[in-house]
């Protein structure tokens, strides 16, 4: 329950640990409480400078959308690598990225929404 909530405070966000990923390379925060039942799960993801992530952040079958707030990213989807820069959006309808990389000297901040 709880879907009548409208505002969530920064204090309600929680760190998400990704199995097999070094924490200094990536920070993932779920922006709503873990027990909040909703069709969309919003995350704030930060990749450290030069960090590489083999695979995807989540095992998620469904639509996902990301908006790069700052920095640069490269994402590998279906055998091709795509550059992503601040202000650009990535939309996945079921494809699962096989690699992420921050090629830049500054952290890359990504707003990510997984839709059920």
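At a glance:
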item	result
Residue in the range 34-48 that is modelled with the highest pLDDT, counting only those that are assigned to a loop (DSSP other than H, G, I, E, B) and surrounded by 14 or more Cβ atoms within 10 Å (Cβ to Cβ)	48
Counted residues, the range 52-96 - those being farther than 19 Å from residue 40 by Cβ, surrounded by 13 or more Cβ atoms within 10 Å (Cβ to Cβ) and in contact (Cβ under 8 Å) with a residue 40 or more places away in the chain	3
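The values are calculated or read from the model by the stated rules, or taken from the named source; none is laboratory data. Please read these numbers as outputs of a predicted model, since none were measured by experiment. Cβ coordinates were reconstructed from backbone atoms using ideal geometry, including for glycine residues, and neighbour counts include every protein chain displayed.
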